[in-house]
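Asks: Pasting a structure here, questions to come.
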Amino acid sequence: MFGAVVVGMGTAGCVRIRDMLAPQPGSPAEKLTARGVISRRSLDTQEVSQISVEEAVSRDDIHVAFICTENMLHEDNIRTFLQAGKHVCVEYPMTMNYNAAVELWDFAQEKGLILHEEHIELLTEDFKGLKREVEGKILQEGTLHFTGGPLKPGFGFEAFSGIARLTWLVELFGELSVTAATLEEDSGKNYSKMTAKLLTSDNRPLTWIEERGPGRPRAKNINFRFDSCTLTQIPPAPRGAVGLFMQDMIHFAAKLVGQVSPEELQREKIRILHCLKLADKIQQLCQC
Ligand code: NAD
């Protein structure tokens, strides 16, 4: 069994504990057992006790940490737990810059530890349906426009907080490059709009927009023009039977027990680092 702690008891952290207490029967997630929660607040936890970081890193029956804090705190938390010889599952984005992610990944590999970045957006039925629709078609140009409410404090620059959308584009259209990026902001109105111009390896243009402001519905609007047709809607799909965080936990646990091939691990690492590198470049272009 792998004893685990959850760091950061917000929405994601609470789901992690819930899933660990009731894992999918017959799945590798059954190998995880919740041994503690870590929070800056004093929590009234009943089933799993609240412990300190110091206790978590020093206990031999704790092998794994789930990092579910605000994005800006991910990097330091990952480093702390890797240093202590614990495997890490971190909610996306892993870090707020590319170099830190490379360093942490190298460090995990040196120590023979699993470093896993959650990407539930790839596990949604919406994404799977969209991927099926896109397969075999030749892209001419496209746009992915995300809208949502204002970002909470500590969630960082839009290209990182929105890495799930960038990951969709990379999974759908392959490796990308960034040609331009801008950020419009009206801090008085809590409004921001990031626009990134991307190119596929076939030089097809893609535009990624992250637009946030009060009252904006959380939505992804697409317009993908192919040689044969134009897709303007994500094909509607019913929810899957297994929750998204549970699916991710199963995948992470499969890595812990050695059920994921080195090739697949490598593919995931390349994709994650590629997306973080693009996010880094977008941020630089927006800030110059
Ligand atoms: P959240 O705002 O619910 O929690 C973030 C942090 O704030 C946590 O550390 C939590 O302990 C703390 N927090 C929450 N409420 C608090 C309060 N009342 N007082 C003091 N601290 C409080 O954010 P989240 O949605 O859980 O996101 C955590 C991480 O998970 C982020 O990296 C995010 O990108 C990632 N993530 C979340 C989702 C999701 O559906 N929520 C999906 C994918 C990835």
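Asks: Please find, among Ala219, Ala237, the residue that is modelled with pLDDT of 95 or more and of a type in the set (A, V, I, L, M). Quick ask: steps written out before the conclusion?
Replies: Working: Ala237 fails: modelled with pLDDT of 95 or more.
Unique residue meeting the criteria: Ala219.
Asks: Shifting gears a bit: Check Lys31 against each of (1) within 16 Å of the ligand (Cβ to nearest atom); (2) more than 24 Å from Leu278 (Cβ to Cβ) and name the one condition it does not meet.
Replies: Every condition holds for Lys31 apart from (1).
Asks: Counting only residues that are farther than 19 Å from Arg212 by Cα, without any contact (Cβ under 8 Å) to a residue 60 or more places away in the chain and touching a strand residue (DSSP E or B) at 6+ places or on another chain (Cβ under 8 Å), give me the helices (runs of 4 or more DSSP H) lying completely in the stretch 84-178 with at least 1 of them.
Replies: Ranges flagged: 98-111, 163-173.
Asks: What are the residues in the stretch 246-288 that are over 23 Å from Gln109 (Cα atoms) and assigned by TED's automatic domain parsing to the domain that holds Cys68, if any?
Replies: Met246, Gln247
Asks: Sticking with this structure for a sec: Report the residue count in the stretch 31-81 for those that are outside any loop (DSSP other than H, G, I, E, B) and in contact (Cβ under 8 Å) with a residue 12 or more places away in the chain.
Replies: Here the count works out to 28.
Asks: Here is a check on your reading of the model: is Phe66 surrounded by 23 or more Cβ atoms within 10 Å (Cβ to Cβ) and either within 13 Å of the ligand (Cβ to nearest atom) or under 30 Å from Phe224 (Cα atoms) (or both)? Can you show your working first?
Replies: Working: surrounded by 23 or more Cβ atoms within 10 Å (Cβ to Cβ): yes; either within 13 Å of the ligand (Cβ to nearest atom) or under 30 Å from Phe224 (Cα atoms) (or both): yes.
Yes: the conditions hold for Phe66.
Asks: A further question follows. List the residue pairs whose Cβ atoms are under 9 Å apart, where the first residue sits in the stretch 1-23 and is under 11 Å from Thr33 (Cβ atoms) and in contact (Cβ under 8 Å) with a residue 12 or more places away in the chain, the second is within 13 Å of the ligand (Cβ to nearest atom) and charged (D, E, K, R), and the two are 6 or more positions apart or on different chains.
Replies: What qualifies is Ala4/Arg16.
Asks: Another question, if that's okay. How many residues does the stretch 50-89 hold that are of a type in the set (Ser, Thr, Tyr) and in contact with a Gly (Cβ under 6 Å, 6 or more places away or on another chain)?
Replies: As a first pass, look at the stretch 50-89 and keep what is of a type in the set (Ser, Thr, Tyr): 52, 58, 69, 80.
Subset that is in contact with a Gly (Cβ under 6 Å, 6 or more places away or on another chain): 69.
Residues meeting the conditions: 1.
Asks: Now for a separate question. Which is within 16 Å of the ligand (Cβ to nearest atom) and either among the small types (Gly, Ala, Ser) or in contact with a Cys (Cβ under 6 Å, 6 or more places away or on another chain) (or both), of Gly112, Gly26, Gly85, Gly36?
Replies: Gly36
Asks: A further question on this structure: Filter the stretch 191-234 for residues that are assigned to a loop (DSSP other than H, G, I, E, B) and in contact with a Lys or Arg (Cβ under 8 Å, 6 or more places away or on another chain); which is nearest to Cys286 (Cα to Cα)?
Replies: Gly213
Asks: Between Val64, Val88, which is β-branched (Val, Ile, Thr), within 17 Å of Ile272 (Cβ to Cβ) and not assigned by TED's automatic domain parsing to the domain that holds Phe157? Before you say what the answer is, go through the steps one by one.
Replies: Details: Val64 fails: within 17 Å of Ile272 (Cβ to Cβ).
Answer to the check: Val88.
The values are calculated or read from the model by the stated rules, or taken from the named source; none is laboratory data. Treat the numbers as computed from the prediction; the structure is a model and nothing was measured. Counting neighbours? That spans all protein chains shown, and the Cβs are built from the backbone with ideal geometry, glycine included.
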